[in-house]
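The values are calculated or read from the model by the stated rules, or taken from the named source; none is laboratory data. This structure is a prediction, so every number in the text was calculated from the model and none was measured. Because the Cβ atoms are built from the backbone with ideal geometry, glycine has one as well, and the counts that use them run over all protein chains shown. In case anyone asks, the SASA skips ligands and DNA or RNA and just uses the protein heavy atoms, side chains included. Shrake-Rupley method; radii C 1.70, N 1.55, O 1.52, S 1.80 Å.
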Amino acid sequence: MDDHLYSAEDFITDGHFQDWVQNPSPESDQYWKNWFREHPGHLKAAEEARLFLRMTRFRQYVPTVADEAGVWHRIGAAEAKMVSLNPWRTLWRVAAGVLLLLAAAGGWYFYQYAGPATVSTSYAQTRIVTLPDGSVVYLNANSHLKYNRSWPPPHDREVWLEGEAFFEVTKKRTAGGDVRFRVHAGALDVEVLGTRFDVNTRHQATRVVLTEGKVRLRSEDNQEMTIKPGELAHFHEKEGQFRKQSVDPEEYSAWRENRVIFNESTLEEVARGLEDYFGYQVSFADPALRSRTFQGTFPADNPEVWLNTLSRSFPLRVDEKNKKAVFGADPGAEQ
Amino acid sequence: MKQPTGDIELWEEFRNGSDAAFARIYQTYFRLLYNYGCQFCRDGELIKDCLQNLFIDLRRNRTNLSVVYSVKHYLYTALRHKLVREMSATRNQSVHLPDEYAFEIVIPYEDQLIARQFSAGQREMLERALQHLTKRQREVIFLKFYENMSYEEVVSVMQLEDVKSARNLVYKAVRSLRDMFLTQPC
């Protein structure tokens, strides 16, 4: 911005200024600090503008994941129904139209119901996926789920997971007995018949927490372990060994209600959460902080709340623009 | 204007027939569009119907779609158009929000700057001042500051006359807020 007297309105409509108020970074802080030092006469107007921008937040409406999935389903169904909507005048057109639409609907049908499907989530996003057998998968942020859209009965039901997901598996029975459901998760296969459980494959380890039913875990080298409800199994790829402990399963699936619970967790675990849910890069300038404990519940879709809360209890420097956070005092700080 | 990287490429892939690109566009914008729709009307079902038709039309007309320079702006314009038409067609009064609830601004008291600056009495005054903004002023503010659209895009989404009239709406909003509140001694 150049020199003449600016009003609050001028600041508010300045993209550069807006960006600074809404997403401040060390660089933009510095830029505006310098600018105000050189133009002290503008300070009052700028402060008004800043207040205005910070004040204007709108009520937010978030659709449920079921809303999102339902509308998507209806969009797909409409494609198949196009036949009846098309206006045609002659028989020839009817025939050609039907053929064409059948081909289109067939293509859509194949894509929708038979081909391989990959469902992905970005940071701070969760989705609900209904599998061909009616089982439901809640996919946590930054995760990928792959499966075939068609599951002919005698075969095992199979999905591939990277990241974290909570499964509600329906029981399925054929003449040949119960149909197995298998999750390929990192170095493990999780085998179940019908049950509810959480699987997490991040950081070279696979973690399974069981809410209900019974599951069997099998590693690539054929080690096996079964777990009961309320148990957590952990398999580290490097160690190649299972560990088991009792936990409250709710804490491990609270992300489905947009909550992430830390219960006597170390800051290192919290830092991992910031990485997994939002893609932050977190480091420790002071290694002693890694093992400090933290207790609290955070929203799964808002990193600001995490960072604000943490910075009140721990020395924490945040660079929101580049998604970086450092625990520990700044050695270069002036004071 | 800020936009997700690759939006234009995504649009091109979609125009060239990619179903995966169509799904990505849906995933990226469904929530944003739903939130925008709710600013006009509290009838979730109506909003979902409009969104459904919007995406069905999009898919049907994919070969006739033009190159866009902002996917977001295209989708917002289409949704607003559908929603306004549906709302004026229905006689059901419950669909219509009283103006003060459309594009409702909530003061973020948890914001430290706000908490520091305002006493309880001042907050009350602030709320009253915000109520004096018109619905159109609030919509411009929503699109411009909250959704980071350019004035050109705001003009086209809201079907305003020109950039000057959009700018005027913002200036008036700021001025009326300031006159009513900000210049009062804190």
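Please state which one of A:Tyr31, A:Tyr61 is open to solvent by 30 Å² or more (accessible area, probe 1.4 Å) and more than 9 Å from chain B (Cβ to nearest Cβ).
On the way: A:Tyr61 fails: more than 9 Å from chain B (Cβ to nearest Cβ).
None of the other options fit; the residue is A:Tyr31.
How many residues, within the stretch A:317-332, are open to solvent by less than 50 Å² (accessible area, probe 1.4 Å) and either modelled with pLDDT under 90 or among the acidic types (Asp, Glu) (or both)? Break it down stepwise before answering.
Going through the stretch A:317-332, the residues open to solvent by less than 50 Å² (accessible area, probe 1.4 Å) turn out to be A:319, A:325-328.
Going one step further and asking which of them are either modelled with pLDDT under 90 or among the acidic types (Asp, Glu) (or both), we end up with A:319, A:328.
The qualifying residues number 2.
Could you tell me which of the residues A:Glu257, A:Glu275, A:Glu237 is surrounded by 13 or more Cβ atoms within 10 Å (Cβ to Cβ) and free of Cβ contacts under 8 Å to residues at least 24 places away in the same chain?
A:Glu275 is the lone residue from the list that is surrounded by 13 or more Cβ atoms within 10 Å (Cβ to Cβ) and free of Cβ contacts under 8 Å to residues at least 24 places away in the same chain.
Could you check the stretch A:181-201 and list, in sequence order, the residues that are farther than 22 Å from A:Thr118 by Cβ, open to solvent by 20 Å² or more (accessible area, probe 1.4 Å) and modelled with pLDDT of 80 or more?
A:Arg196
Taking the stretch A:121-149, which residues are surrounded by fewer than 19 Cβ atoms within 10 Å (Cβ to Cβ) and of a type in the set (Gly, Ala, Ser)?
Correct list: A:Ser122, A:Ala124, A:Gly134.
Every residue in the stretch B:54-77 that is open to solvent by 70 Å² or more (accessible area, probe 1.4 Å) and either assigned to a helix (DSSP H, G or I) or touching a Lys or Arg at 6+ places or on another chain (Cβ under 6 Å) (or both), please.
Passing the criteria: B:Arg60, B:Thr63, B:Asn64, B:Tyr74.
In the stretch A:235-263, how many residues are in a strand (DSSP E or B) and either under 21 Å from the mean Cα position of the chain (by Cα) or of a type in the set (A, V, I, L, M, F, W, C) (or both)? So that I can check it myself, show each step before the final result.
Here is the first cut: in the stretch A:235-263, the residues in a strand (DSSP E or B) are A:235-236, A:241-246, A:259-263.
Then keep just the ones that are either under 21 Å from the mean Cα position of the chain (by Cα) or of a type in the set (A, V, I, L, M, F, W, C) (or both); that gives A:235, A:242, A:259-263.
Going through the stretch A:235-263 one residue at a time, the tally reaches 7.
Would you be able to say whether some residue in the stretch B:65-88 is assigned by TED's automatic domain parsing to the domain that holds B:Ala23, over 28 Å from B:Tyr151 (Cα atoms), touching a residue at least 12 places away in the same chain (Cβ under 8 Å) and not polar (S, T, N, Q)? Let's see the steps before the verdict.
Of the stretch B:65-88, the ones assigned by TED's automatic domain parsing to the domain that holds B:Ala23 are B:65-88.
Subsequent filtering for residues that are over 28 Å from B:Tyr151 (Cα atoms) retains none.
Checked the stretch B:65-88: no residue is assigned by TED's automatic domain parsing to the domain that holds B:Ala23, over 28 Å from B:Tyr151 (Cα atoms), touching a residue at least 12 places away in the same chain (Cβ under 8 Å) and not polar (S, T, N, Q).
Which ones in the stretch B:1-20 are assigned to a helix (DSSP H, G or I), surrounded by fewer than 19 Cβ atoms within 10 Å (Cβ to Cβ) and free of Cβ contacts under 8 Å to residues at least 60 places away in the same chain?
Passing the criteria: B:Glu9, B:Glu12, B:Glu13, B:Arg15, B:Asp19, B:Ala20.
Please pick out the residue among A:Arg218, A:Arg207, A:Arg180 that is over 28 Å from A:Ala66 (Cα atoms) and basic (Lys, Arg).
Values: A:Arg207 fails: over 28 Å from A:Ala66 (Cα atoms); A:Arg180 fails: over 28 Å from A:Ala66 (Cα atoms).
One residue alone meets the criteria, A:Arg218.
Does any residue of the stretch A:34-47 turn out to be within 12 Å of chain B (Cβ to nearest Cβ) and among the basic types (Lys, Arg)?
yes
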